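Read the structure below first, then the notes.
The values are calculated or read from the model by the stated rules, or taken from the named source; none is laboratory data. Note that the coordinates shown come from a computational prediction; the quantities given were computed from them, not determined experimentally. All Cβ positions, even for glycine, are placed from backbone atoms using ideal geometry, and neighbour counts span all protein chains on display.
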Amino acid sequence: MFDSLLPEMISVIDLILLSVASFTGSVLTAALGVGGGSLLIIIMAGLVPPLALIPLHGLVQMGSNASRAVLTREHLDTSQALFFAGGALVASVMAVALLVRMDQQWIPVIISLFILYLCWGKVPQLGLRSPLGLMTGGLLTTLATMLVGATGPLVSAWIGRSGLDKWRYTALFSTCMTTQHGLKILVFGLAGFSFLPWLTVLVCMVLAAWVGTKVGLRVLQHVNEDRFKFWFKLVLTGLAFRTLYTSFFS
């Protein structure tokens, strides 16, 4: 009976795994400030079709970022957010043409390689918060998010924490990420992706993410952060290699 509410390629077990991944990703983001989006998308890469991967991830992540943006809106520098959004809008127009020409089977491969880079590469601390810098960051990171989904660390690096207290940083980062995910959903919708068949999956994942945020703020705030991040990198690396193996040999 419940199966009839799910897309053909998603079983009840898959739905449970996706909900658990959404919950766990939100716990990590709430407790550590980063990593949840990367974990969620690399797990989703093994469960959902490539074309559905990035738009579904974007919708779940938009809810999480939008709630933080609303709660910190009084600390937002609106002009900075608008400059970033201007660049993001240009990138979205470019992405429409790019996505219709791209072989969707390469999406999990690109995402896996990007996750490996986030784990073991060096993300530059650019901190380009001038109007031109923000527009450039909006353009480049939004274009990247259309292909790899989890670009939170790149946006964080581009905005930079220098000169911003934690409330102003959180407000700007959350607003920029909400803008990116919202444009991503629009672009994939224009490219022909239908969210309606995935409604049950999305509702379950969004609810799981909300619960995960609550748990993360209360439970994991006392975890040894350095040790946890090391083991977390190993888990992400294993999942990324698994996705690469599946993409080429299954």
Legend entry - The lone exception for residue 207 - which of (1) modelled with pLDDT under 85; (2) farther than 23 Å from residue 114 by Cβ it fails: (1)
Legend entry - Matching residues in the stretch 33-88 - criterion: being small (Gly, Ala, Ser), surrounded by fewer than 21 Cβ atoms within 10 Å (Cβ to Cβ) and in a loop (DSSP other than H, G, I, E, B): 33, 46
Inset, instruction - Return a yes/no flag: does the stretch 157-168 have any residue that is modelled with pLDDT of 80 or more and not acidic (Asp, Glu). - result: yes
Inset, instruction - Answer with yes or no whether residue 157 is outside any helix (DSSP H, G or I) and touching a Gly at 6+ places or on another chain (Cβ under 9 Å). - result: no
Inset, instruction - Check whether at least one residue in the stretch 65-72 is closer than 23 Å to residue 212 by Cα, modelled with pLDDT under 80 and of a type in the set (D, E, K, R), and report yes or no. - result: yes
Inset, instruction - Kindly check whether there is at least one residue in the stretch 192-204 that is at pLDDT 80 or above, farther than 17 Å from residue 58 by Cβ and surrounded by 19 or more Cβ atoms within 10 Å (Cβ to Cβ). - result: no
Legend entry - Residues that are surrounded by fewer than 16 Cβ atoms within 10 Å (Cβ to Cβ) and not in a helix (DSSP H, G or I), drawn from the stretch 160-175: 161, 162, 163, 165
Legend entry - Whichever residue in the stretch 112-139 is at pLDDT 80 or above and of a type outside the set (A, V, I, L, M, F, W, C) and, among such residues, is farthest from residue 238 (Cα to Cα): 131
Inset, instruction - Go through (1) modelled with pLDDT of 80 or more; (2) among the polar types (S, T, N, Q); (3) crowded, with 23+ Cβ neighbours inside 10 Å and name the single condition residue 178 misses. - result: (3)
